[in-house]
Structures are given as C-alpha cells and as structure tokens.
Amino acid sequence: MAFESFSEFLAMGRHGVYVWSSFGIACACFIGLAIEDRVARARAIKRIQQQLRRENA
Amino acid sequence: MSRSWQWFHRWGSSPYVFRVGRRWQIGLGSIGATLLLIGWFWGLAIAPVDYQQGNSYRIIFLHVPVAFLAQSLYMGLAVAGVVLLVWKMKIADVAIQAGLPVGAVITFLALVTGAIWGKPTWGTYWVWDARLTSMLILLFLYLGAMALRPALPADVAGKAVALLVIVGVINIPIIKYSVEWWNTLHQGETLKLTERPAMPASMWMPLVVSILAFYCLAGYWVLKRLRTLLLVRESKASWAREYVEQHHGL
C-alpha cells in the first residue's frame, strides 16, 4: 500500500481534488452511457410490443 | 462455399450478431469490469508515489487508457467504414453508429483528464500544443460523424459517415507523432511495444491492466449499443419480434 491510512488515500497528498475529480467524471460518463443505452433499448422493445399487440388485436 | 465466406455471411446476419453478440457482451463486460477494478485499485492505492509529480500522476491509470482507446476505436470504426463501402456489409454501418458516441465520450475523457492533470503538473488546464489540439480535432471528428447521419437521407447517410471517418484517419498519425514533430508541453510516448518502459514495473503493470480493461469495456459498450440499434433498426423483422415476444412478452 502506498498510503498509511484511508484519509491519506483520500487526500492524495494535496492532489486529491485532481485525482478524484478525474475518476469521478469518468465514472459519471460510464453511468451516462449505460443509462442512454437502457432508455433506447426499452423504447425499442416497447415499440415492437405495441406492433405485436396491434396485429394480434 | 469456403469457411471464410461462411464466417463473413454469418457476421452479416443481424439475428446471428444479436444472439452471439450477447455472449461476447457479457464476457467482455465482466472481464473488463474485473480488470478495471484490479487496475484502478492497484494504481490508486498500491503503486508507489511519483517522486516528481506526487500523487497527481495516478491520473495516468485513467488518462493513458482512454487516450489509447480513443485512437484505436477510431481506427476500428474506419476499418468498419471500409467494410461498409467495399463489401456493402450493413452490420458495419450499425457498428459505426454504435461506436461513434462511445468514441466521443472516451475522447472527451482523455481531454478532460489531461486538462485536470495539466493543472498541478504544468500549471495550466490547457495549452494549444500539437498533442492537445490534434486530440480536440479527434473529438470534433467523432461529433461531426455523429451529426452527419441525421442530416442526410437514409440511403446515403451510412456511406457518407463511413467516408468521413475514413478521411479523418489522417489525424491519427498526427496525434501519435505530434510529440515528436513539434515541441509540445505534452510528454513523449508512455509505453512503446518495442522498448522497456521508463517507469518501474510497480507503475506500468497496473497501467497495462487498466489499458486491457478499457479495451474489453470498449468491446462491451459498442456491442451493447450495436444490439440495441439492431432492435431499433429491424423492429419489423421476424427475429426481433420473436426475441421480444420470448424475452419480454406482450
């Protein structure tokens, strides 16, 4: 381990704000990608379900 | 028919790609996520501190993988563009449409993490040096190619996007050699395939793990979007209807 304690790990020797904001923005982007795909997929499935129901009716 | 042509035709078939792509998506996603957790924990908590840069250097475990991936993904999409234009393979068009937003997000991350790293290291978030500027152009290429599709009639949009992506490949060697051709604030290459890295193993090993993680995750993200796009584009096809009926009901 490069750090003595968890608070030192968070502080990153005065560079915490740079390190954690970088990794935080990255994680936010990955979550964004996942949500966008989820919404698009749900919309596509709903549309196909509506088509099928219309034809069965 | 020869084996290679069978392979070619299978991967040109949407239901096949949708079905087999799911297995690849799950495999790449789990391997990528595991490697990323290992690489980031190793890089953030275990790797030693840099004697010059202090702990800000740990941004490398994010910045270098996304910067590599931004360029590799672009090359991959250009290859898909050639496949579309030469062999008229429709799935290549879907792959480009799926990959462009992923590439844009990854390039954006390379620029943002570079800027954040630049502040404690160079004393500034941004300079108009050749490496940074050519990466910004890469972001504009991704965004431009994304914007082109909805602006054109459907029958030519795919081809036009592919052509733009292929022409933009000229920017990739400019990014790569920018640090050699011009006097840049950006440092030279971090890792070369032909040379031993300048940093100790305790630093480059977590970096290699993080890079591998991002390549797996890129495959996962692109496949996931590609499979969604297949459902959107082929909502009238019988395979898509059967899939929805079986897995999501009416």
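Within segment A:12-50, the residues that satisfy the criterion of being more than 7 Å from chain B (Cβ to nearest Cβ), out of contact with any strand residue (DSSP E or B) (no Cβ under 8 Å at 6 or more places or on another chain) and either touching a residue at least 12 places away in the same chain (Cβ under 8 Å) or more than 20 Å from B:G29 (Cβ to Cβ) (or both) are A:G16, A:V17, A:W20, A:G24, A:R43, A:K46, A:Q50.
For residues that are free of Cβ contacts under 8 Å to residues at least 24 places away in the same chain and within 30 Å of B:G21 (Cβ to Cβ), tally how many sit in segment B:166-207. Residues meeting the conditions: 2. Of all residues in segment B:44-57, those satisfying the criterion of being assigned to a helix (DSSP H, G or I), closer than 17 Å to A:E4 by Cα and either within 7 Å of chain A (Cβ to nearest Cβ) or of a type in the set (F, W, Y) (or both) are B:A45, B:I46, B:N55.
Within the bounds of segment A:30-39, is there any residue that is acidic (D, E) and surrounded by fewer than 16 Cβ atoms within 10 Å (Cβ to Cβ)? Looking for residues that are acidic (D, E) and surrounded by fewer than 16 Cβ atoms within 10 Å (Cβ to Cβ), one finds at least one in segment A:30-39, hence yes. Within segment B:84-137, the only residue that satisfies the criterion of being free of Cβ contacts under 8 Å to residues at least 12 places away in the same chain, of a type in the set (A, V, I, L, M) and more than 26 Å from A:C27 (Cβ to Cβ) is B:V86. Of the residues B:G103, B:G81, B:G144, B:G123, the single one that is surrounded by 22 or more Cβ atoms within 10 Å (Cβ to Cβ), of a type in the set (G, A, S) and farther than 19 Å from B:G12 by Cβ is B:G103. Figure legend. Inter-residue proximity from segment B:17-35: first residues within 20 Å of B:A213 (Cβ to Cβ), second residues among the β-branched types (V, I, T), beta-carbon distance below 8 Å, spacing 6+ or different chains. Indicated pairs: B:L35/B:V209. Within segment B:45-55, does at least one residue satisfy the condition of being at pLDDT 95 or above and more than 22 Å from B:M199 (Cβ to Cβ)? No, every residue in segment B:45-55 fails to be at pLDDT 95 or above and more than 22 Å from B:M199 (Cβ to Cβ).
The values are calculated or read from the model by the stated rules, or taken from the named source; none is laboratory data. If you're wondering where the values come from, they're calculated on a predicted model, not measured in any experiment. Virtual Cβ from ideal backbone geometry, glycine too; neighbours counted across all protein chains shown.
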